[in-house]
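Asker: I have a structure here, written as structure tokens, and I will follow up with some questions on it.
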Amino acid sequence: MKRDNIELSGSPRSRKVSARWDPDEACRPSIDDAPVFYPTVEEFEDTLAYIEKIREEAESFGICRIVPPPSWTPPCPLKEKDIWEHAKFSTRIQLVDLLQNREPMRKKRKSRKRRRRRHSRIGATRRRANSSVESTSESNEKFGFSSGPDFTLEEFQRYANEFKETYFKRDCGEDSKPGVVEYSKWKPSWEDIEGEYWRIVEQPTDEVEVYYGADLETGTFGSGFPKAPSTLTGNDADKYATSGWNLNNFPRLQGSVLSFEGCDISGVLVPWLYVGMCFSSFCWHVEDHHLYSLNYMHWGEPKIWYGVPQNHASALEAAMRKHLPDLFEEQPDLLHELVTQLSPSVLKVEGIPIYRAVQCSGEFVLTFPRAYHSGFNIGFNCAEAVNVAPVDWLEHGQHAVELYSDQHRRTSLSHDKLLLGAARQAIQALRELFFTGRETPGNLRWKHVCGKDGMLTKAVRARVQMEKERVNCLPPHVPLRKIEKDFDLESERECSYCFYDLHLSACSCNCSPERFTCLKHVKNFCSCQTEERFVLLRYTIDELQMLVKALEGGVDAVNEWACTDIELLSGY
């Protein structure tokens, strides 16, 4: 279908809209909604306690909306004139019509060449600390989102509004003058836009390109939440600066094991901003290390989310491979790149439960561990997101690092460091309870996850059993040594074969004393004789089993472990 080209002026680069809304071909998916929660003012005071409260009900949907009490209206520093009119942020060009239906790069049709695509470079992957850097030649063989122009928020709002108004203008039809095409303004509903979005993705007949300001580092551009001043003044702004729902505070709340990560990992512990326009998309993915994520919309038009619960994650991956076999053959790690959609309607036919959430301004969307999620924006908006790791995440996080090892995929953080950090703090809390009798919200929170059936105890017990089995499978007569205190103090150590984190144990050889593998891959290290190799252990298996007993709640074990840990790890 031929479209009229309409010039847009609200961009640093003049752009044309060649496609137009086609309501007769709408492909709106028929799916159920994710749950919505409305915490009271009292419930809203303890962020992680509220998430724990709704977890049993919400986790089976993968995602949920949380609507704060009406009285919670945080100020947004991004709307201040200096930022709004002058601060620039980068964008990516998204080819919406190619998010699902596209040729593999090696087979792409010359007839679909676009000037910018010839020079595209991968920009959609979520780069973390320690991520590998691809060569230029390798990147050019992958589909990605190329760099767009820089905008201020004021410029982007103008461009986004003009694009949407132009795209959804309707022909006046019989009332127009002969030979003159006239259009009327039309304000489409989010349902109209959802139907049009999936028409573009599923049945592309036109080229639709949009911009997305995604993964913007708040440490550089600024956060939409106020930062806590060095001295609190007692005024109303302080409650927002110190709130647990302020995403600058959220990852390291008491009870989140991310508080034991010393580095400010961008996008995990430091929030990212997302400045969207109509059709700008976030494609199917799970969070790094299968963490929880929390997204808050500061202002603007709604964001439509789709979620699949974690117990159907493998089924979604299988469905993606089934329906997009050529793309996966060319790029087996396609789902790590965040550049591919697959219609909710297709997933529903495959028997995969999928749920919709329509996030409005001032609302949160929470995603659960290993819950696949995707979505798009229906107009100009600004959101902010970050990760968190309550103790119940530890089981999911352990599964993630084992999966990463199998896939030879680098990690973003040390799972064992977080696990041991949580265990140490829990034991300190138990000691305080045992020997002083003083109950505080903090030590009661840790007590709740200890005991023989506590979530933290189970996670540590499972990890210790895993470590014991791996030590028992080592070749005979390999010497065991203690890990030096500064082994991974400055930077994380990882297996040279599978990238497994080596905080708890490592293998090496006298031939290459600065190179290491995990216990699973000691035989892959080198061809030297067994006696040349050695194993580094942070704790012996007996010491780790003492840790488990302490978490189970034995008073003697708590005291013994605390003394042993101080002796072994003074300086950590």
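The values are calculated or read from the model by the stated rules, or taken from the named source; none is laboratory data. Predicted model, so just to flag it, every value in this text is computed and none were measured. Note that each Cβ is placed from the backbone with ideal geometry, even for glycine, and that neighbours are counted across all protein chains shown.
Asker: Report whether or not Leu413 is within 19 Å of Gly262 (Cβ to Cβ) and either touching an Asp or Glu at 6+ places or on another chain (Cβ under 9 Å) or free of Cβ contacts under 8 Å to residues at least 40 places away in the same chain (or both).
Answerer: On the way: within 19 Å of Gly262 (Cβ to Cβ): yes; either touching an Asp or Glu at 6+ places or on another chain (Cβ under 9 Å) or free of Cβ contacts under 8 Å to residues at least 40 places away in the same chain (or both): yes.
Taking the combined requirement at face value, the residue satisfies it.
Asker: Please verify whether segment 224-242 includes one or more residues that are in a helix (DSSP H, G or I), hydrophobic (A, V, I, L, M, F, W, C) and either at pLDDT 95 or above or under 23 Å from Pro69 (Cβ atoms) (or both).
Answerer: The answer is yes, given that some residue of segment 224-242 is in a helix (DSSP H, G or I), hydrophobic (A, V, I, L, M, F, W, C) and either at pLDDT 95 or above or under 23 Å from Pro69 (Cβ atoms) (or both).
Asker: I've got another one for you. When you look at Gln545, is it assigned by TED's automatic domain parsing to the domain that holds Val478, polar (S, T, N, Q), in contact with a helix residue (DSSP H, G or I) (Cβ under 7 Å, 6 or more places away or on another chain) and surrounded by fewer than 19 Cβ atoms within 10 Å (Cβ to Cβ), yes or no?
Answerer: Here the answer is yes, as Gln545 does meet what is asked.
Asker: Now, a different point. Just one of the numbered conditions (1) at pLDDT 95 or above; (2) in contact with a Ser or Thr (Cβ under 8 Å, 6 or more places away or on another chain); (3) acidic (Asp, Glu) is not true of Glu196; which one?
Answerer: Of the numbered conditions (1) at pLDDT 95 or above; (2) in contact with a Ser or Thr (Cβ under 8 Å, 6 or more places away or on another chain); (3) acidic (Asp, Glu), the odd one out for Glu196 is (2).
Asker: Hey, Asp82 hits all of (1) part of a helix (DSSP H, G or I); (2) at pLDDT 95 or above; (3) not hydroxyl-bearing (Ser, Thr, Tyr) but one; which does it fall short on?
Answerer: Of the numbered conditions (1) part of a helix (DSSP H, G or I); (2) at pLDDT 95 or above; (3) not hydroxyl-bearing (Ser, Thr, Tyr), the odd one out for Asp82 is (2).
Asker: Any residue at all in segment 437-447 that's of a type outside the set (Ser, Thr, Tyr), at pLDDT below 95, buried (at least 16 other Cβ atoms within 10 Å of the Cβ) and within 23 Å of Glu543 (Cβ to Cβ)?
Answerer: Initial filter on segment 437-447 (of a type outside the set (Ser, Thr, Tyr)): 437-439, 441-447.
This time we only want the ones that are at pLDDT below 95, so: 437-439, 441-447.
Now narrow it down to the ones that are buried (at least 16 other Cβ atoms within 10 Å of the Cβ): 443, 445-447.
Narrowing the set further to residues that are within 23 Å of Glu543 (Cβ to Cβ) leaves 446-447.
Yes, segment 437-447 has at least one match.
Asker: Right, next: Of the conditions (1) surrounded by fewer than 16 Cβ atoms within 10 Å (Cβ to Cβ); (2) on the phi < 0 side of the Ramachandran plot, Gly451 fails just one. Which one is it?
Answerer: (2)
Asker: Among the residues that make up segment 265-278, is at least one of them at pLDDT 95 or above, over 20 Å from the mean Cα position of the chain (by Cα), assigned to a loop (DSSP other than H, G, I, E, B) and not β-branched (Val, Ile, Thr)?
Answerer: Yes.
Asker: Filter segment 208-228 for residues that are of a type in the set (D, E, K, R) and surrounded by fewer than 19 Cβ atoms within 10 Å (Cβ to Cβ) and give the result.
Answerer: Listed by number, the residues that qualify are Glu217, Lys227.
Asker: Can you give me the number of residues within segment 395-422 that are surrounded by 19 or more Cβ atoms within 10 Å (Cβ to Cβ), of a type in the set (S, T, N, Q) and not in a helix (DSSP H, G or I)?
Answerer: Qualifying residue count, segment 395-422: 3.
Asker: Does Glu469 qualify as being surrounded by fewer than 19 Cβ atoms within 10 Å (Cβ to Cβ), under 34 Å from the mean Cα position of the chain (by Cα) and not in a helix (DSSP H, G or I)?
Answerer: Values: surrounded by fewer than 19 Cβ atoms within 10 Å (Cβ to Cβ): yes; under 34 Å from the mean Cα position of the chain (by Cα): yes; not in a helix (DSSP H, G or I): no.
Answer is no for this residue.
Asker: Something else: When residues of segment 336-382 are filtered for being in a loop (DSSP other than H, G, I, E, B) and farther than 29 Å from Glu162 by Cβ, how many remain? Before the answer, list the steps.
Answerer: Just the residues of segment 336-382 that are in a loop (DSSP other than H, G, I, E, B), to begin with: 337-343, 350-354, 360-363, 368-371, 378-380.
When the remaining residues are screened for being farther than 29 Å from Glu162 by Cβ, the result is 337, 342, 350-354, 368-371.
Adding up the residues that qualify gives 11.
Asker: Consider Pro476 against the criteria (1) in a strand (DSSP E or B); (2) exposed (fewer than 15 other Cβ atoms within 10 Å of the Cβ): it satisfies all of them except one. Which criterion is unmet?
Answerer: (1)
Asker: Sticking with this structure for a sec: Checking the conditions here, which among Glu514, Glu531 is at pLDDT below 90, among the acidic types (Asp, Glu) and in a strand (DSSP E or B)?
Answerer: On the way: Glu531 fails: in a strand (DSSP E or B).
Result of the check over Glu514, Glu531: Glu514.
Asker: Something else now. Hey, does segment 334-352 have a residue that's in contact with a Ser or Thr (Cβ under 6 Å, 6 or more places away or on another chain) and closer than 30 Å to Gly451 by Cα?
Answerer: no
Asker: Just for segment 18-72: of the residues that are assigned to a helix (DSSP H, G or I) and touching a strand residue (DSSP E or B) at 6+ places or on another chain (Cβ under 7 Å), which one is nearest to Gly195 (Cα to Cα)? Full working, then the answer.
Answerer: First, pick out the residues of segment 18-72 that are assigned to a helix (DSSP H, G or I): 23-25, 43-45, 47-61.
The next check asks that each one be touching a strand residue (DSSP E or B) at 6+ places or on another chain (Cβ under 7 Å); those that pass are 48, 51-52, 54, 58, 61.
Numbers: Leu48: 36, Ile51: 32, Glu52: 35, Ile54: 31, Ala58: 26, Phe61: 22 Å.
Here the residue is Phe61.
Asker: When the residues of segment 294-335 are filtered to those that are in a helix (DSSP H, G or I) and of a type in the set (Lys, Arg), which remaining residue is surrounded by the most Cβ atoms within 10 Å (Cβ to Cβ)? Walk me through how you get there before you give the answer.
Answerer: So the first thing to find is which residues in segment 294-335 are in a helix (DSSP H, G or I), and the list is 310-323, 325-330, 334-335.
Retained after the next criterion (residues that are of a type in the set (Lys, Arg)): 321-322.
Numbers: Arg321: 15, Lys322: 12.
The residue in question is Arg321.
Asker: Given the conditions (1) at pLDDT below 95; (2) on the phi > 0 side of the Ramachandran plot, and given that Asp215 satisfies all but one, which numbered condition is not satisfied?
Answerer: Just one mismatch for Asp215, condition (1).
Asker: Kindly indicate whether Arg481 is of a type outside the set (S, T, N, Q), assigned to a strand (DSSP E or B), out of contact with any helix residue (DSSP H, G or I) (no Cβ under 6 Å at 6 or more places or on another chain) and not assigned by TED's automatic domain parsing to the domain that holds Ser223. If you could, list the steps in order and put the result at the bottom.
Answerer: On the way: of a type outside the set (S, T, N, Q): yes; assigned to a strand (DSSP E or B): yes; out of contact with any helix residue (DSSP H, G or I) (no Cβ under 6 Å at 6 or more places or on another chain): yes; not assigned by TED's automatic domain parsing to the domain that holds Ser223: yes.
Yes; evaluated as a whole, the condition is true for this residue.
Here's the yes/no breakdown for (1) surrounded by 17 or more Cβ atoms within 10 Å (Cβ to Cβ); (2) closer than 25 Å to Glu217 by Cβ; (3) assigned by TED's automatic domain parsing to the domain that holds Arg356; (4) in contact with a Ser or Thr (Cβ under 6 Å, 6 or more places away or on another chain):
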| residue | (1), (2), (3), (4) |
| --- | --- |
| Pro29 | yes, no, yes, yes |
| Asp33 | no, no, yes, no |
| Arg55 | no, no, yes, no |
| Glu59 | yes, no, yes, no |
| Thr73 | no, no, yes, no |
| Thr91 | yes, yes, yes, no |
